[in-house]
Amino acid sequence: APYFGGNTTEIEVVLNRRYPFVTIATMGINTNDMFVALNGVFPRRKSVFFSPGYDAGSEENNELCQSVPGPACREIDTRNEMSGNGEGFVHIHPGIHGIGNLSAPL
């Protein structure tokens, strides 16, 4: 299901003594380099974790469909080209602002 700016989702993970840690990584579908991740967290009973969207810094956030995979660009011939000119470091993703081909979240 799609999630938009400000929305959240819950994921239930069952753990056991053999596998007590959780690592999750997922890409923001209508972005070129946004991801959410948890790495090796040790949850306690009924734990809740919040993770921001990170910008991988590998591509410019120009919001042009030629470099954004996903359903927001399905009507446009997306060659899925790297846009280059990234920041060169991981940081908090600035979000979608409605420049390029993408619409800003409501």
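The values are calculated or read from the model by the stated rules, or taken from the named source; none is laboratory data. No experiment lies behind these values; they were computed from the predicted model shown. Heads up, the Cβs are rebuilt from the backbone with ideal geometry, glycines too, and the neighbour counts pull from every protein chain shown. For accessibility, only protein heavy atoms count, side chains too; no ligands or nucleic acids. Shrake-Rupley method; radii C 1.70, N 1.55, O 1.52, S 1.80 Å.
Label-to-label distance, GLU75 versus ARG17, with points set 7 angstrom from Cα along the beta-carbon direction: 5.7 nm. Taking every C-alpha pair closer than 8 Å and separated by at least 6 residues, the mean separation divided by the residue count of the chain gives a relative contact order of 24 percent. Computed packing ranks the peptides 49-55, 17-23 as 49-55, 17-23, most packed first, by mean other Cβ atoms within 10 Å. Computing volume of the Cα convex hull per residue in Å³ directly from the structure and comparing it against [x] 123; [y] 79; [z] 94 singles out [x]. Only the Cβ atoms of Lys and Arg (+1) and of Asp and Glu (-1) were treated as charged; on that basis the dipole of the chain about its Cα centre amounts to roughly 880 debye. Ligands, DNA and RNA left out, the accessible area of the chain computed with a 1.4 Å probe is 55% carbon and sulfur.
Might you tell me the accessible area per residue for segment 1-69, computed with a 1.4 Å probe and given in Å²? Numbers along the way, then the final one.
Numbers: 5150 Å² over 69 residues.
Value for segment 1-69: 75 Å² per residue.
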